[in-house]
Amino acid sequence: MASTTSVASLQDAVLEAAAHLYVWALKDIPLDLRNALARAAQIETSKTGKRILDTILKNVEVADEVGNLVCQDTGIAVYACRVGEHFPLHPARIYAALRNGTERATLEHPLRSNTVHTITRENTGANVGYRVPIVHWEFIPDWDGLDVKCVPKGSGSENMSFLKMCVPADGVSGIKKFVLESIVGAGGKPCPPGIVGVGIGGSADYAMYLAKEAIARPVGTRNADPIVAQLEDELYGLLNETGIGPMGLGGDVTVLQCHIEHADTHMTLNPVAVNYQCWAARRASAHIGPDGTVDLDREF
Ligand code: SF4
């Protein structure tokens, strides 16, 4: 058990990391995403689509040059945490640190504060509120580290989230149909081309959680299960045949990738969730050791 002082300094290290990750994610999009956008601009044959992709690349370049955000929407603050069994800070304190880090980044940068009460629509503070930030937890046995990934999610793409409780008789073709219907229905609203995250299996809530996990993976990574990876490839091809194109104005590149996460499910369930991530697919990760050392380059 860590001493009171070391718990306080560890909590502070997590807070500092969260404050850094939130701003970093908003300003400096990952290399795999940059490469995917550059490739999209090369292969796009529609004149309008190519112009949009070139503008997106210019946008990223200008954000780098002037140290500004890649998009004005600072999103809703979402973190994914992998907590080692022996990491000497309780998740309740990790949550407090993530909340305070989000608040600090918002006030100090400053960033736009998006969070409101869901009924009154009154602003609840510096991108924090009741149950915000949103944190997903995974607990890792026989490990003493903490991984934190910040995935700020813009509303344009988050509004394009869909769930269907298919029945087992719908099979894989039902899953494909629903994903395609969702993305065709979304059109240009989620600022395409982005990453389509699909969650299949589990329960209704877990399928959506899995879809969110899927959009937070590095672009083009494949599910470890070859059957699921094959479905990722198939959907990626089908989605790019829709002709929706960059910003919904027509073209070859509607999505940069399709990622699927899955879970086993009940024999009479077949849940499918779709979560869209826009072209500004922001994410930033850090590893925090049990002594409070922070490694900002560790992706997970
Ligand atoms: S959906 Fe993404 S790119 Fe579009 S406005 Fe929102 S954060 Fe920006």
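The values are calculated or read from the model by the stated rules, or taken from the named source; none is laboratory data. Since we're looking at a predicted model, the values are computed, not measured. With ideal geometry, Cβ positions are generated from the backbone for all residues, glycine too; neighbour counts draw on all protein chains shown. These accessible areas exclude ligands, DNA and RNA; they are computed on the full protein's heavy atoms, side chains included. Shrake-Rupley method; radii C 1.70, N 1.55, O 1.52, S 1.80 Å.
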Unmet criterion (only one of (1) without any contact (Cβ under 8 Å) to a residue 12 or more places away in the chain; (2) within 22 Å of ASN114 (Cα to Cα)) for TRP24
(1)
Enumerated helices (runs of 4 or more DSSP H) restricted to the range 18-116, each holding at least 2 residues that are outside the structural domain of LEU146 (by TED's automatic domain parsing) and within 16 Å of the ligand (Cβ to nearest atom):
31-43, 47-66
For ALA18, indicate whether it is in contact with a Cys (Cβ under 8 Å, 6 or more places away or on another chain) and open to solvent by less than 20 Å² (accessible area, probe 1.4 Å).
yes
Those residues of the range 134-169 which are more than 16 Å from the ligand (Cβ to nearest atom) and open to solvent by less than 10 Å² (accessible area, probe 1.4 Å) amount to GLY145, LEU146, ASP147, VAL148, CYS166
Pick from the range 176-200, criterion assigned to a helix (DSSP H, G or I) and open to solvent by less than 10 Å² (accessible area, probe 1.4 Å), ranking: farthest from ALA214 (Cα to Cα):
ALA186
Checking the structure you have, find out if any residue of the range 67-81 is surrounded by 22 or more Cβ atoms within 10 Å (Cβ to Cβ), touching a helix residue (DSSP H, G or I) at 6+ places or on another chain (Cβ under 6 Å) and within 26 Å of ARG222 (Cβ to Cβ).
yes
If I ask for residues that are among the β-branched types (Val, Ile, Thr) and open to solvent by 10 Å² or more (accessible area, probe 1.4 Å), which ones from the range 254-300 would you list?
THR265, THR268, THR293, VAL294
